[in-house]
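The values are calculated or read from the model by the stated rules, or taken from the named source; none is laboratory data. Please read all numbers here as calculations on a predicted model, not as lab measurements. All Cβ positions, glycine included, derive from the backbone under ideal geometry; neighbour counts span all protein chains shown. Each accessible area value is taken on the protein alone, full model and side chains, heavy atoms only, with ligands, DNA and RNA left out. Shrake-Rupley method; radii C 1.70, N 1.55, O 1.52, S 1.80 Å.
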Amino acid sequence: MATFNSHSLLHSLHICFYHLPSSSSMSAMESINPIHCFSSALLLPVVIILVFSSPVMATSIGVNYGQIADNLPPPEKVVPLVKSMGATRVKLYDADPHVLKAFSNTGVEFIISLGNEYLADMKDPAKAQAWVKTNVQAYLPATKITCIAVGNEVLTFNDTSLSGNLLPAMENVYVALVNCNLDKQVSVTTAHSVAILQTSYPPSAGAFRRDLVNCVTQVLDFHCKTGSPFLINAYPYFAYKADPKQVPLDFVLFQPNQGIVDPVTSLHYDNMLYAQIDAVHSALASIGYKNVCVQISETGWPSKGDADELGATADNARKYNCNLIKLVSQKKGTPLKPNNNLNIYVFALFNENLKPGPTSERNYGLFKPDGTPSYPLGFPGINVGVSTNSSSGSSPAAGRGSSTPTTWSPQDGSSSSGYMSITSDSGRVQFCWKTLILQLHIVGLISMLFSQL
């Protein structure tokens, strides 16, 4: 489960305070050595400052809640389902009032969306203001709307009129939030396909399509001014589907594999998603935006597909999504950005029977319409999940594994239609009463140590 509970927090802080672990397989907290405690006394004020001044960051998985179907349960029945999987963030592809009302007072954070078809209307400031009042202000604070995704994968539609409407729409929606004094609690962004990249391998060579650099730069300036994240929809599945002979399945499913090494940075990558994310980081840095926050608005794997959709199986979907959720729960970043939390939204909550396109498009759901899992998910109280030995090493590859990592060039994976998009917020800040107990415990220990000086 992706949530970080108080028990694991207390255990982790005990380990950090009393013992410097030499490996991730360290057993439970060791006994306190008085000599060790005395020699560490000078470090205690630093620890105290960190404990008292730093909130506990609890990373949780997000999920896309699409509704292109005629057999989904009512939103009221979706609430316990979302909570049972530990998700605290949900993204809608619209601003469905039934969903927003059903999730009021639940604490679940929402990203609501403006479809591409509304971008032209949002160029009118009055219409943008009316939309914000009706679809955002009316539900706050009971429903925790934290972000608005304006458009989806607009730049890769190669439609100049559509792309020309994107930034004005984002700006007008933001101004509408300012007018309502909501700009500090609700951000504005848009989601991009990873296909906006011209180059993605090696990750250090990541670069945007030359014909899109001007548009991307304008959007990035907006993010810098408003503090909103840069969103990417990334699907390693499409890379595997396009070239299964060259793209190792284990590499895209977060399974144990020899991985690849970036020849420029010497960073080791054991999964394609992280390589794609770091290619985006490199592309941003190459045009002067290395500090913009990158978040993954969509990623997932279909559990069923047509005959020519290789890899679209329930077992592969289980491995991809369960391993992904496990990695997110570890609160580790990518090799290039190891200290950045991975804010990721899984696509999608349900299978959607009315989506057009190949069979896979209707089978991305973690759940079937009746609320049963599409495959074992690994969420406590729902099902038993898959284990993984995958890691996201952020150091050079020397010594990792018994063979030399491969150097094949992974292809870009991107969503196959403009439907898939989302955003995410930074890790939720969560305090718990056990943290207070720990703080008091440390204060008592300091008193004991200084009384012996």
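Quick check on the stretch 181-240: take the gyration tensor over C-alpha atoms, sort the square-rooted eigenvalues as a ≥ b ≥ c, and tell me if it's rounded (a/c under 1.5), prolate or oblate.
prolate
On the accessible surface of the stretch 196-325, probed at 1.4 Å, how many percent belong to carbon and sulfur atoms?
The computed percentage sits at 49.
Apply the Karplus curve 6.51 cos²θ - 1.76 cosθ + 1.60, θ = phi - 60°, to the phi angles in the stretch 298-311 and return the couplings in whole Hz, x for Gly and Pro.
Karplus values, whole Hz, x for Gly and Pro: 8, 6, x, 8, x, 8, 7, x, 6, 4, 8, 9, 4, x.
With each label point set 7 Å from Cα along the Cα-Cβ vector, what nm distance links VAL178 and ILE287?
Label at VAL178, label at ILE287, 2.3 nm between them.
How much accessible area per residue does the stretch 172-218 have, in Å², with a 1.4 Å probe?
40
Under 20 Å Cα to Cα from LYS184, which aspartates and glutamates show up? Leave out anything in the same chain fewer than 8 places away.
GLU109, GLU171, ASP221, ASP425
Between the DSSP loop rule and a limit of at most 13 other Cβ atoms within 10 Å, which trypsin sites (Lys or Arg not before Pro) in the stretch 182-280 are left?
LYS184, LYS245
Amide H to amide H, which residues 5 or more places from ASN343 or on other chains are under 5 Å from it, using H placed in the peptide plane?
For ASN343, whose amide H was placed from the backbone, the distant partners under 5 Å are ILE296.
Pull up all non-local amide H partners of PHE350: gap of 5 or more, or a different chain, and H-to-H distance under 5 Å with H placed in the peptide plane.
Amide H neighbours of PHE350, under 5 Å, 5+ apart: GLY66, LEU366, PHE367.
Return the loop-located trypsin sites (Lys or Arg not before Pro) in the stretch 319-366 (DSSP other than H, G, I, E, B) with at most 16 other Cβ atoms within 10 Å of their own Cβ; answer none if there are none.
Qualifying residues, ordered by number: LYS331.
Return the carbon/sulfur percentage of the accessible area of the stretch 150-193, one whole number, probe 1.4 Å, all protein chains in place.
47
Please enumerate, by chain and number, the lysines with C-alpha under 22 Å from the C-alpha of LYS326, excluding those fewer than 8 residues away in the same chain.
LYS83, LYS91, LYS337, LYS368
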